[in-house]
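**Q** Got a structure for you, questions after.
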Amino acid sequence: MKRLSKKQMIIFAIGQLGWSILGGIINTWLVTFYLPTANDVETGAIKYITPGLVIGGFLTILGLITALSRVFDAVTDPWIATLSDRSKNPRGRRIPFMQYSAIPFAVVTVLLFCAPVQETSAINIVWVSIFIILFYLFMTMYCTPYNALISEFGKTQSDRMFISTAISLTYFAGTLLAYLPFLFGGVLRNAGLSFAWSYRVIFIVLAVIALVAMLLPTFLIKEKDYVDSEPSHDNVFKSLASTFKNKEFRKFSISDIMYWVGLTMFQTGLPFFVKVSMGLDEIWVTILMGVMTVLSACFYPFVTKFVQKFGKKKLVIFGFLGLAVAYVVTAFTNIIPMTQTVDGVTSPTAIAYVFGFLICLIAAFPMALLGIIPQSIVADVAEAEAVTTGENRQGMFFAARTFAMKLGQSIAMLAFTSLAIINTQQDTSSNDIVPSTTGLMVVAFVAVAFCVAGAIILFGYREKKIMNLIAKKEDEGFFKEGAISEDRVKDDEEVVLEKEENKEEVSIDNTPEEVKSEVPSGKEDE
């Protein structure tokens, strides 16, 4: 089969730009839009949903809706992955799913912000509940097949790393575009638009851009020209079970959950670290996040060279430990005085700004490593599974990785809200939690613990075994000598024998029942 050109890989990466814009809109603006602050209400914001921490004294109604929708989302991941893996569409197993879901995905994103009743109402709660479930459904329908193509389009290690780097860059670009309402919302309100429509207009424009970006690879890349794989025959439960039977994938998945817990706790706490621990103005949240993103992107061109020299496993472990160091530095913002009071006015000291930029500098390179390499590792394991079993379940492997991400994020959100409010009393009539410096310090060190745990778990991942299983002539020389650890792995000859034996073992087991029945009696035992 043909390999994608670099130009086609970039076109493929543009699809990620589209869905990351839509995901960024929801992640950045759903809470801001439906749980407005007192200042927003003064400028015309409407309280569409009952405000306050009314669920257990620490969770809002919107928080409960979002949590339940993510549960639904986690359930649909393996279902969509199985449908894609089993698809016999003549245009391919992935592209049709992406093409059919793109339009409703973009439309639903906009409709989610169009609650019908212009005041607090149960109807609005129902509206948001329905459309956020639809949002995650269509997101899964696009993203799960899209991610599976990373493995199928990335036929060599060089191609796989290029694709992973490109989609990481477009992900960051899409996330940054989702911040545009910060810049233009006020301008539109000054032009006469209401608070709600000043955001909706920008959401509509962004959704159109996202739609074009998502459809571009589905029309310009013919999947069947580059992918020739047999559909999987497993049902959703058997496919999911088979995926997690893979020992190397289990190790990676557990490590990945640790990463997402640690990362999400830090990202969720960043606004509070900046405002509470460092005493900086809210605008510095955006500034520091932007600096960290730009610095991280600057390292992207060098990640492939580092992978060639050191291997993927070592770099991911280094990324874990690098983030842990950044979190330790963040914890010290709650120990070292960051503010000063002069004539009754409290202001941040120079050291607060130094710590802010220091955290960005330390975290940037680990973020680059962890933003690119894990996707490539999943692609490697999925291909190795296909080689040894004959089952092409790339969709399920990436769906399982997505499930690990969502599980880690959910654990982190619950942990953050519980830990950050240590030694505080919460106003249940307010949408916001009020963290303490003690609570934020605990959050930082818990994030450190998860990152270190992820690094320790990943030590057991047998990288050379996977690399030998999927080795191709085109990959010769990609990894420099010593890049991949020799510990606890089989010799190349043994791996080749294992590859052949596994193919023979599954050649009958993975045959459809109607064909199995035609195998002469006793032949299976041979």
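The values are calculated or read from the model by the stated rules, or taken from the named source; none is laboratory data. The model shown is predicted, which means the values in this text are computed figures rather than measured ones. Cβ: placed from backbone, ideal geometry, glycine included. Neighbour counts: every protein chain shown. With ligands, DNA and RNA removed, areas are computed over all heavy atoms of the protein, side chains included. Shrake-Rupley method; radii C 1.70, N 1.55, O 1.52, S 1.80 Å.
**Q** Give the angle, between 0 and 90 degrees and rounded to the nearest 10, that separates the Cα long axis of helix 180-190 from the longest principal axis of the Cα atoms of the chain.
**A** Helix 180-190 sits at roughly 40 degrees to that axis.
**Q** May I pose another question? Ignoring ligands and nucleic acids, what accessible area does R3 show with a 1.4 Å probe (Å², nearest 10)?
**A** Roughly 110 Å² of R3 is accessible to a 1.4 Å probe.
**Q** With all protein chains present, calculate the accessible area of E463 using a 1.4 Å probe and round the result to the nearest 10 Å².
**A** Here the accessible area works out near 10 Å².
**Q** Separation of region 336-382 and region 1-34 by C-alpha centroid, Å?
**A** So the two Cα centres are separated by 24 Å.
**Q** Compute the long axis of helix 236-245 from its Cα atoms, compare it with the longest principal axis of the Cα atoms of the chain, and write down the angle in degrees, 0 to 90, nearest 10.
**A** On a 0 to 90 degree scale, this one is about 90.
**Q** From the helices alone, meaning DSSP H stretches of at least four residues, give me the mean residue ellipticity at 222 nm for the chain, per-run term -39500 (n - 2.57), in deg cm²/dmol to the nearest 500. Write down the numbers at each step before the final one.
**A** On the way: 19 runs with 372 residues, N = 526.
That calculation yields -24500 deg cm²/dmol at 222 nm.
**Q** Using +1 on the beta carbon of Lys and Arg, -1 on that of Asp and Glu, and nothing else charged, what's the dipole of region 66-218 about the Cα centre, debye to 20? All intermediate terms of the calculation are to be shown ahead of the outcome.
**A** Values: 10 positive and 6 negative charges, 66 e Å.
For this selection, approximately 320 debye.
**Q** Among the lysines, which fall within straight-line cross-link reach of K472, defined as a Cα-Cα distance under 20 Å, with same-chain neighbours fewer than 8 residues apart omitted?
**A** Within the straight-line limit of under 20 Å, K472 reaches these lysines: K2, K6, K155, K305, K309, K312, K313, K464, K480, K490, K499, K503.
**Q** Right, here's the next one. Could you list which residues have their amide H under 5 Å from that of L59, counting only those 5 or more apart in sequence or on another chain, with H placed in the peptide plane?
**A** HN-HN under 5 Å from L59: V54.
**Q** I'd like to compare 335-342, 356-363: which one has the highest average count of other Cβ atoms within 10 Å, and what's the full order after that?
**A** Working: 335-342: 12.2, 356-363: 20.1.
The packing order, highest mean first, is 356-363, 335-342.
**Q** Enter the Cα centre distance for the pair region 448-462 and region 217-277, rounded to the nearest angstrom.
**A** What the calculation gives is 17 Å, centre to centre.
**Q** With axes computed from alpha carbons, what is the tilt in degrees of helix 157-177 against the longest principal axis of the chain, rounded to the nearest 10 within 0 to 90?
**A** Value to nearest ten degrees: 20.
**Q** Still on this structure: Starting from the amide H of T339, placed 1.01 Å from N in the peptide plane, find each other amide H under 5 Å away whose residue is 5 or more places distant or on another chain.
**A** The answer is T349.
**Q** What does the extension gain come out to for V187 and K247, with contour length at 0.36 nm per residue minus their alpha carbon separation?
**A** Separation in residues times 0.36 nm, less the Cα-Cα distance, equals 16.2 nm.
**Q** Can you classify region 112-182 as rounded, prolate or oblate using the Cα gyration tensor, where a ≥ b ≥ c are the square roots of its eigenvalues, rounded means a/c under 1.5, and otherwise it's prolate if a/b beats b/c and oblate if not?
**A** Numbers: a/c = 7.16, a/b = 2.23, b/c = 3.21.
In terms of gyration-tensor shape, oblate.
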